[in-house]
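In what follows, a single structure is set out as structure tokens and then discussed.
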Amino acid sequence: MPKLKVDGIEVEVPAGATVLQACEAAGKEIPRFCYHERLSIAGNCRMCLVEVKPGPPKPQASCALPAAENQEIFTNTPMVKNAREGVMEFLLINHPLDCPICDQGGECDLQDQSLAYGRGHSRYTENKRAVTEKYMGPIVKTVMTRCIQCTRCIRFAEEVAGVEEIGALYRGEDMQITSYLEGAVTSELSGNVVDLCPVGALTSKPYAFEARPWELKKTLSIDVMDAVGTNIRLDSRGRQVLRALPVINEDVNEEWASDKTRHAVDGLVRRRLDRPFVRRDGKLVEASWEEAFAAIAAVKPGNSVAAVHGDLLDCETMYAAKALLASLGSSLLEGRQTGMDYDTSSLAAVNFNTTIAGAEKADAILLVGTNLRWEAPLVNTRIRKAIKKGAKVFAIGPETDLTYKVEWLGNDLSILAKLPKPAMDAFKAAERPMVIVGGAALKGGHGAALKLAKTYNVVREGWNGFNVLHMAASRMGGLMLGWAQPSGIADIVAAKPKLVFFLGADEVDFSNFANSFKVYIGHHGDKGAAVADVVLPGASYAEKSGTWVNLEGRVQRGERAVFPPGDARDDWTILRALSEKLGTVLPFDTIEELRAAMAVDCPDLATLGLTSFAWNAPALDAKASGEVGYPIKDFYLTNAICRASPTMQRCSAELVHGQAFAEAAE
């Protein structure tokens with residue numbers, strides 16, 4: 001580990017570190033545009049110039065210079081100051097004076113660094129160059145005249161997203177960044193280039209001209225569009241969430257977010273349920289809370305009550321519903337609304353045990369019935385990292401583009417009984433083998449996958465490579481709270497309950513409940529509300545403080561960003577008020593009291609962070625057969641919020657179904 005001095009401060013950095021990293025270790029701020037910690041080094045903006053001794057008597061780019069023993073680095077000499085001012089002057093030669101109308105205004109690296117390191121005036125009098133706009137799809141808006149050619153977007157698309165659709169044309173002053181053939185970028189992570197762009201060349205198309213950053217209230221929350229549990233910040237103004245941005249969490253999402261996470265938020269204000277409804281003469285009509293509760297109480301179901309939760313639900317609501325049913329004498333709880341059923345006796349056997357960050361360390365990976373690119377895009381980026389370190393990936397399922405090299409073994413779960421020789425040899429030689437079982441393969445392949453894990457010693461001292469990949473944000477929390485029947489929702493159908501609560505559950509086959517009184521508690525007028533006998537308006541994830549558990553068992557908490565519209569209320573408060581009408585009052589009046597009760601019932605939910613499940617694999621039938629069909633048919637329309645979002649509808653039409661859209665000239 002080399003030792004060196006930065007402005008007289010001695011620091012020790014790991015071998016292979018750059019001078020820029022050494023400067024940061026010493027607490028010195030180094031300006032940069034092209035350098036990014038998670039991307040390869042380009043060294044083309046030259047803003048990070050420093051003076052280095054021993055070395056030539058000229059400023060050097062610190063991002064591309066390796067740190068060496070006994071170096072002396074100077075970050076604030078007159079030479080460095082003049083060099084940075086010169087670089088900034090060159091960058092601003094062709095940059096337009098768009099700040100008043102630029103969406104990047106107020107959070108722009110170029111603004112900040114020109115103020116801190118620029119001259120304050122320009123000596124350039126010639127005409128600025130102009131670049132025609134490029135089309136990159138429904139997510140990214142381009143104003144390429146502002147581009148400073150830092151190439152961050154190109155490197156992200158190639159290295160992280162794995163979709164090599166952004167590149168540079170021409171050379172010198174004529175250089176332009178564009179998507180190839182000026183088509184829409186097909187990556188489900190394309191919105192991240194907006195965060196990466198240090199100027200206003202790439203901005204968010206749905207958010208264009210909506211707000212300035214200083215107008216927005218910022219609230220930390222958890223994304224519910226998939227089971228990864230992406231840490232996000234919801235920016236809101238008044239009663240509306242205007243955008244969602246990722247928050248850095250190295251263990252979960254690093255600093256990325258999928259396009260669905262970012263841009264489904266415009267669905268939060270559309271198709272909303274904002275008042276109770278009761279079905280009368282076959283039609284849903286507006287009602288008061290008293291009338292809605294009275295209609296439910298009139299059913300007098302006794303203990304013939306069941307509840308099904310949806311994919312976006314928080315643990316507090318699930319616990320309140322469980323407590324309500326328990327007080328009525330029922331334990332008919334289920335969260336696998338689409339009909340999946342698998343053994344839940346051991347949570348470790350249905351958990352992502354390697355952890356999301358740990359997936360980078362695997363050296364042999366078997367994907368069983370999972371389209372990672374759509375089911376968990378940010379787990380897919382970790383697999384790409386593992387491949388760069390030498391991992392081999394094999395897969396069972398229909399062939400699809402996962403953005404990296406995969407050896408497809410076929411589409412039959414019987415392959416789990418005996419892997420082909422290349423996969424067998426790779427797993428025998430692997431130090432950190434990993435199996436990822438998708439939801440589609442659990443029913444027919446859970447036991448076979450567990451047997452394979454035992455055969456190849458996938459679970460060993462210091463390494464657990466057996467993983468189940470869930471797709472619903474509520475899944476692990478629901479399983480921890482006991483929302484699972486031995487045969488899934490089929491057990492609830494067989495019980496023929498008189499009263500069924502659907503808590504944000506829109507993907508259920510409602511024809512199975514034709515003879516039940518259906519109560520839908522949710523936030524969007526989607527499939528569940530359309531068939532319900534009583535509709536009670538609830539709060540979305542952005543409108544309540546809630547606890548969610550991601551696919552690796554990490555307990556996380558999000559806060560309320562805005563209030564629900566109209567008469568809508570937090571879901572657990574609806575259940576608490578309803579319990580009085582049903583004659584069994586729930587023993588909590590505040591969310592703090594609810595969480596205290598939930599912590600007694602399920603201690604793992606009391607502490608934020610990764611839950612440790614003891615490895616206790618169940619003995620299951622190891623026979624497996626049948627083809628796999630991926631459960632997600634359209635990445636952009638997987639839940640009620642997405643289906644209400646104009647942006648997600650446009651993404652689905654253009655990127656999934658190939659519909660062409662004409663763009664007006666600006």
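Scanning region 388-397 for residues that are under 19 Å from LEU419 (Cβ atoms) and open to solvent by 40 Å² or more (accessible area, probe 1.4 Å) gives a single hit, LYS392.
Tally the residues that are in contact with a Phe, Trp or Tyr (Cβ under 6 Å, 6 or more places away or on another chain) and surrounded by 24 or more Cβ atoms within 10 Å (Cβ to Cβ), restricting the search to region 297-308. Let's see the steps before the verdict.
From region 297-308, those in contact with a Phe, Trp or Tyr (Cβ under 6 Å, 6 or more places away or on another chain) are 299, 307-308; that's our starting set.
Next, only the ones that are surrounded by 24 or more Cβ atoms within 10 Å (Cβ to Cβ) stay: 307-308.
So the answer is 2.
Residues that are part of a helix (DSSP H, G or I) and open to solvent by 10 Å² or more (accessible area, probe 1.4 Å) within region 359-373 comprise GLU360, LYS361, ARG373, listed in sequence order. With the condition kept exactly as written, say whether any residue in region 279-291 is open to solvent by less than 40 Å² (accessible area, probe 1.4 Å) and within 36 Å of the chain's Cα centre (by Cα). No, the conditions are met nowhere in region 279-291.
A quick yes/no check of all residues on (1) in a helix (DSSP H, G or I); (2) open to solvent by less than 30 Å² (accessible area, probe 1.4 Å); (3) farther than 28 Å from GLN21 by Cβ:
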residue	(1), (2), (3)
ARG46	no, no, no
ASN70	no, no, no
ASN76	no, no, no
VAL87	yes, yes, no
GLY106	no, no, yes
GLN111	yes, no, no
ASN127	no, no, yes
VAL131	no, yes, yes
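Kindly indicate whether any position in region 181-194 is out of contact with any helix residue (DSSP H, G or I) (no Cβ under 7 Å at 6 or more places or on another chain), surrounded by 18 or more Cβ atoms within 10 Å (Cβ to Cβ) and among the hydroxyl-bearing types (Ser, Thr, Tyr). There is no residue in region 181-194 that is out of contact with any helix residue (DSSP H, G or I) (no Cβ under 7 Å at 6 or more places or on another chain), surrounded by 18 or more Cβ atoms within 10 Å (Cβ to Cβ) and among the hydroxyl-bearing types (Ser, Thr, Tyr). Among the residues of region 133-147, those that are in contact with a strand residue (DSSP E or B) (Cβ under 6 Å, 6 or more places away or on another chain) and in a loop (DSSP other than H, G, I, E, B) comprise GLU133, LYS134, MET136, CYS147.
Evaluate the following for ARG243: is it open to solvent by 20 Å² or more (accessible area, probe 1.4 Å), over 23 Å from LEU378 (Cα atoms) and either of a type outside the set (Phe, Trp, Tyr) or touching a residue at least 60 places away in the same chain (Cβ under 8 Å) (or both)? When the stated conditions are applied, ARG243 does not pass them. Look at region 391-410: where a residue is closer than 22 Å to GLU165 by Cβ, no partner that is at pLDDT below 90 and surrounded by fewer than 21 Cβ atoms within 10 Å (Cβ to Cβ) sits 6+ places away or on another chain with Cβ atoms under 7 Å.
This table checks each residue for (1) within 27 Å of the chain's Cα centre (by Cα); (2) assigned to a helix (DSSP H, G or I).
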{"residue": "LYS428", "(1), (2)": "no, yes"}
{"residue": "ALA472", "(1), (2)": "yes, no"}
{"residue": "GLY477", "(1), (2)": "yes, yes"}
{"residue": "GLN485", "(1), (2)": "no, no"}
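Of all residues in region 135-149, exactly one satisfies the criterion of being open to solvent by less than 20 Å² (accessible area, probe 1.4 Å) and basic (Lys, Arg), namely ARG146.
Taking region 412-433, which residues are touching a Phe, Trp or Tyr at 6+ places or on another chain (Cβ under 6 Å) and open to solvent by 30 Å² or more (accessible area, probe 1.4 Å)?
We begin by selecting, within region 412-433, every residue touching a Phe, Trp or Tyr at 6+ places or on another chain (Cβ under 6 Å); these are 423, 427, 432-433.
Answer for region 412-433, where residues must be touching a Phe, Trp or Tyr at 6+ places or on another chain (Cβ under 6 Å) and open to solvent by 30 Å² or more (accessible area, probe 1.4 Å): just ARG432.
Only helices (runs of 4 or more DSSP H) whose full extent lies in region 567-666 are considered here, and none of them has at least 1 residues that are at pLDDT below 90 and surrounded by fewer than 19 Cβ atoms within 10 Å (Cβ to Cβ). Taking the criterion of being crowded, with 19+ Cβ neighbours inside 10 Å and small (Gly, Ala, Ser), the residues of region 150-175 that qualify are ALA157, ALA161, GLY162.
Which of the following residues is modelled with pLDDT of 90 or more and closer than 17 Å to TYR636 by Cβ: SER190, SER221? Break it down stepwise before answering.
Values: SER221 fails: closer than 17 Å to TYR636 by Cβ.
So the residue among SER190, SER221 that is modelled with pLDDT of 90 or more and closer than 17 Å to TYR636 by Cβ is SER190.
Would you check if GLU51 is open to solvent by 20 Å² or more (accessible area, probe 1.4 Å), more than 18 Å from VAL199 (Cα to Cα) and part of a strand (DSSP E or B)? So GLU51 fits the description; yes.
Suppose the filter is without any contact (Cβ under 8 Å) to a residue 12 or more places away in the chain, open to solvent by 10 Å² or more (accessible area, probe 1.4 Å) and under 24 Å from SER288 (Cβ atoms); does VAL531 pass it? The answer is no for VAL531.
Limited to region 181-215, what total is found for residues that are of a type in the set (Asp, Glu), under 20 Å from the mean Cα position of the chain (by Cα) and in a helix (DSSP H, G or I)? First the steps, then the outcome.
Narrowing region 181-215 to residues of a type in the set (Asp, Glu): 182, 188, 195, 210, 215.
With under 20 Å from the mean Cα position of the chain (by Cα) added as a condition, the list becomes 188, 195.
Right, trim to in a helix (DSSP H, G or I) and you get 195.
So the count comes out to 1.
Select the strands (runs of 3 or more DSSP E) contained entirely in region 229-294, then report the ones holding at least 1 residues which are under 24 Å from SER204 (Cα atoms).
Details: elements: 231-237, 240-246, 277-280, 283-286.
Output list reads 231-237, 240-246.
The values are calculated or read from the model by the stated rules, or taken from the named source; none is laboratory data. It should be emphasised that the depicted structure is a prediction, and the values quoted were computed from it without experimental measurement. Note that each Cβ is placed from the backbone with ideal geometry, even for glycine, and that neighbours are counted across all protein chains shown. Accessible surface areas use protein heavy atoms only, side chains included; no ligands, DNA or RNA. Shrake-Rupley method; radii C 1.70, N 1.55, O 1.52, S 1.80 Å.
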